[in-house]
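Report on one structure; see the data block that follows.
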Amino acid sequence: MQAKNLSLLFIVPILFFVGCKKDEPDNTKALTGAVLAEVLYNPYERITPADGTIIIPNTNTSYQTPGRAYSPKCFGNAGNTKFYFFRKTASANNKKLLINFMGGGACWSNNNCFGKNTTTFFNFLNDVPDLFVKVAFQGILDAGNSSNPLKDYDVLFIPYCTGDLHIGSSDVATYDDPYVTPDPSVYSHRGHDNVLSVLKYIQSNYTQVTDVVVAGQSAGGYGAILNYPHIRKVFSDGTKFTSLNKMSLVADASNGAVISGFFTTIVRDKWGSAQNMPDWAVGSNYLNGSPSIQDYLSKITTAYPNDVVGQYTAAFDSTQRWFFNVMGIIAGPGSYSDSSSYFGPGDARDVADLPKDASNTPSNCNWAINANNAMNATTGSKYYFYRAPGDIHTITTSDTMYGLVSNGVNFNTWLKSIISNVGSPITVDCSDGSGSYPCTDKNFGSNSLNDTLGRATSQDSFDNNKDLYETCFGP
């Protein structure tokens with residue numbers, strides 16, 4: 001979401017109230033005041049953590065005595081320096097807690113950490129009002145919707161401002177912002193440090209909880225997955241948390257189709273994440289092996305077999321397809337150009353459909369095939385995925401989640417079963433559905449190609465009068 005779009009969210013209500021007449025009846029004034037108060041009311045409290053240390057028992061030595069040091073901060077560009085998180089209290093001494101990781105892309109190079117048209121992560125946290133959390137995020141964060149299975153949960157909302165999928169602990173001196181003189185000497189990927197500051201807060205303020213849901217969307221979905229073992233260990237501290245009943249993980253639009261070397265050259269070396277890998281769950285030197293989100297999730301289900309893990313994606317998620325292509329552009333030859341055409345339209349319509357060989361070569365089909373294969377190969381008796389039709393990116397912070405159906409199963413019904421572990425959770429796959437185009441005929445973004453065909457497509461597929469499923473999974 002661009003800054004100008006966020007600004008509009010707050011300008012529109014102001015224009016509405018400026019237009020009221022001076023001689024309006026008193027009851028109208030009262031109503032206007034009440035509505036204005038509701039619009040401006042923010043249920044989220046901002047919490048700004050300081051540098052500190054945390055002890056997470058029964059983990060590796062770096063998280064134990066005398067404690068793991070952390071330094072919460074944002075990336076370091078203008079308007080994006082100070083980290084803070086938000087708390088929404090549903091009731092006093094609430095026993096239910098939602099920890100939600102915000103999404104917002106990623107960056108790992110001058111080519112996509114900077115630029116007017118090529119910056120690929122949320123890098124202006126300090127420039128938006130705190131109300132953006134209330135206005136921009138609905139779905140599972142919408143306490144006013146009676147259908148929301150998490151409406152009664154307290155919320156700890158972890159903003160995203162580091163470009164590192166919430167798992168980095170590194171200060172990088174090799175970046176160079178071409179639009180800033182003098183350029184700051186160091187930029188920071190300290191997403192994991194930010195998470196540790198939230199966990200420290202939890203240790204002091206949420207020892208009473210019985211039910212915990214960890215969720216995230218897009219980059220936040222990766223943050224929820226990658227930090228889940230750390231969160232799980234915090235709540236496994238029997239000296240502090242004596243009433244915990246159940247935990248679950250909900251990863252939204254974070255399937256992990258990446259180019260070769262991404263986990264080593266970027267996650268390990270650029271973001272400094274090796275020290276943050278939970279060896280008690282995934283083994284030692286994890287990033288030196290053959291890591292993947294599929295493997296990481298399978299290790300979570302092994303380490304915590306009683307926890308329910310739910311993973312969501314649209315079959316042809318346009319943003320994930322686009323980012324897969326961005327990885328290939330940055331890794332490949334060619335000089336940098338700060339233009340909106342450098343990475344192509346953000347809905348991936350111009351990304352090549354082929355190859356479709358399940359390799360790590362970026363293409364629309366390879367992303368869809370790899371994401372599908374990874375979900376089907378993830379293990380765990382309490383792991384379930386929901387593969388929806390279409391190409392819309394993320395679902396759980398939009399109220400469209402209440403009406404989405406895949407293979408006859410309503411998404412919110414599926415989500416309730418994941419959170420409660422009641423009602424026999426199931427895996428849902430649009431490709432098992434009935435009809436002519438069950439994976440493309442709904443839940444797609446509006447553009448000239450999709451709207452004309454009436455299904456999720458791309459330029460390559462459209463030129464052949466096909467949708468993406470026909471191209472990628474057909475003969």
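Say whether the condition of being in a loop (DSSP other than H, G, I, E, B), closer than 15 Å to ASP154 by Cα and either open to solvent by less than 10 Å² (accessible area, probe 1.4 Å) or hydrophobic (A, V, I, L, M, F, W, C) (or both) is met by at least one residue in the range 194-203. No, the conditions are met nowhere in the range 194-203. Here MET375 fulfils each of the conditions (1) modelled with pLDDT of 95 or more; (2) over 19 Å from VAL258 (Cα atoms); (3) of a type outside the set (D, E, K, R) apart from (2). VAL209 satisfies every condition listed in (1) closer than 25 Å to PHE137 by Cα; (2) crowded, with 24+ Cβ neighbours inside 10 Å; (3) in contact with a helix residue (DSSP H, G or I) (Cβ under 8 Å, 6 or more places away or on another chain) except (2). Pull up the range 161-187, narrow it to residues that are more than 18 Å from GLY115 (Cα to Cα) and touching a strand residue (DSSP E or B) at 6+ places or on another chain (Cβ under 7 Å), then point me to the one that is most open to solvent (accessible area, probe 1.4 Å). Step by step, filter the range 161-187, then rank; the result is ASP171.
Screening ILE419, ILE426, ILE395 for residues that are open to solvent by less than 20 Å² (accessible area, probe 1.4 Å), closer than 18 Å to ASP252 by Cβ, among the hydrophobic types (A, V, I, L, M, F, W, C) and in a loop (DSSP other than H, G, I, E, B) leaves exactly one candidate, ILE395.
Looking only at the range 72-90, count how many residues are among the polar types (S, T, N, Q) and farther than 21 Å from ASP183 by Cβ.
Counting residues in the range 72-90 that are among the polar types (S, T, N, Q) and farther than 21 Å from ASP183 by Cβ gives 1.
Looking only at residues in the range 354-389 that are out of contact with any Gly (no Cβ under 9 Å at 6 or more places or on another chain) and among the β-branched types (Val, Ile, Thr), the one that is surrounded by the fewest Cβ atoms within 10 Å (Cβ to Cβ) is THR379. When the range 209-247 is filtered for residues that are in contact (Cβ under 8 Å) with a residue 60 or more places away in the chain, hydrophobic (A, V, I, L, M, F, W, C) and farther than 29 Å from THR174 by Cα, the ones remaining, listed by number, are VAL209, VAL212, VAL213, VAL214, ALA215, ILE231, VAL234, MET247. When the range 398-416 is limited to residues that are touching a Pro at 6+ places or on another chain (Cβ under 9 Å) and part of a helix (DSSP H, G or I), the one that is surrounded by the fewest Cβ atoms within 10 Å (Cβ to Cβ) turns out to be LYS416.
Quick check: anything in the range 248-265 under 20 Å from GLN64 (Cα atoms) and either surrounded by 20 or more Cβ atoms within 10 Å (Cβ to Cβ) or without any contact (Cβ under 8 Å) to a residue 40 or more places away in the chain (or both)? Break it down into steps so the answer makes sense when it comes.
Taking the range 248-265 as the starting set, the residues that turn out to be under 20 Å from GLN64 (Cα atoms) are none.
No, because not a single residue in the range 248-265 is under 20 Å from GLN64 (Cα atoms) and either surrounded by 20 or more Cβ atoms within 10 Å (Cβ to Cβ) or without any contact (Cβ under 8 Å) to a residue 40 or more places away in the chain (or both).
Restricting attention to the range 282-309, the residues being open to solvent by less than 20 Å² (accessible area, probe 1.4 Å) and touching a residue at least 40 places away in the same chain (Cβ under 8 Å) number 10. On inspection, SER339 qualifies as more than 22 Å from the chain's Cα centre (by Cα) and of a type outside the set (Phe, Trp, Tyr). If you go through the range 133-155 and keep only what is of a type in the set (Ser, Thr, Tyr) and under 10 Å from ASN100 (Cβ atoms), you end up with just TYR153.
For the range 404-417, give me each residue that is touching a residue at least 60 places away in the same chain (Cβ under 8 Å) and not basic (Lys, Arg). Let's see the steps before the verdict.
Restricting attention to the range 404-417, the residues satisfying the condition of being touching a residue at least 60 places away in the same chain (Cβ under 8 Å) are 411-412, 414-416.
Within the range 404-417, PHE411, ASN412, TRP414, LEU415 meet the criteria.
Taking GLN217, is it closer than 16 Å to THR162 by Cα and open to solvent by less than 30 Å² (accessible area, probe 1.4 Å)? Yes; evaluated as a whole, the condition is true for this residue.
Check SER434, SER420 and return the single one that is without any contact (Cβ under 8 Å) to a residue 40 or more places away in the chain and under 20 Å from PHE385 (Cβ atoms). Going through SER434, SER420 in turn, the sole match is SER434.
Going through the range 451-472 one residue at a time, which ones are over 14 Å from VAL351 (Cβ atoms) and not in a loop (DSSP other than H, G, I, E, B)? Correct list: ASP451, THR452, LEU453, TYR469, GLU470. Would the range 320-329 turn up any residue that is open to solvent by 20 Å² or more (accessible area, probe 1.4 Å), among the aromatic types (Phe, Trp, Tyr) and either touching a helix residue (DSSP H, G or I) at 6+ places or on another chain (Cβ under 7 Å) or modelled with pLDDT of 95 or more (or both)? Among the residues of the range 320-329, at least one is open to solvent by 20 Å² or more (accessible area, probe 1.4 Å), among the aromatic types (Phe, Trp, Tyr) and either touching a helix residue (DSSP H, G or I) at 6+ places or on another chain (Cβ under 7 Å) or modelled with pLDDT of 95 or more (or both), which makes the answer yes. Note on the range 171-201: residues that are among the hydrophobic types (A, V, I, L, M, F, W, C) and in contact with a Leu (Cβ under 7 Å, 6 or more places away or on another chain) total 1.
Is the range 440-453 home to any residue that is β-branched (Val, Ile, Thr) and crowded, with 19+ Cβ neighbours inside 10 Å? Yes, there is a match, as at least one residue in the range 440-453 is β-branched (Val, Ile, Thr) and crowded, with 19+ Cβ neighbours inside 10 Å. Output the residues belonging to the range 71-129 that are out of contact with any Leu (no Cβ under 8 Å at 6 or more places or on another chain), farther than 30 Å from ILE418 by Cα and among the small types (Gly, Ala, Ser). SER71, GLY76, ALA78, SER109, GLY115, listed by residue number.
The values are calculated or read from the model by the stated rules, or taken from the named source; none is laboratory data. Nothing here was measured: the structure is a model prediction, and the numbers come from that model. Neighbour counts run over all protein chains shown; Cβ positions are idealised from the backbone, glycine included. Just so you know, the surface numbers come from the protein's heavy atoms only, side chains and all, with ligands and any DNA or RNA stripped out. Shrake-Rupley method; radii C 1.70, N 1.55, O 1.52, S 1.80 Å.
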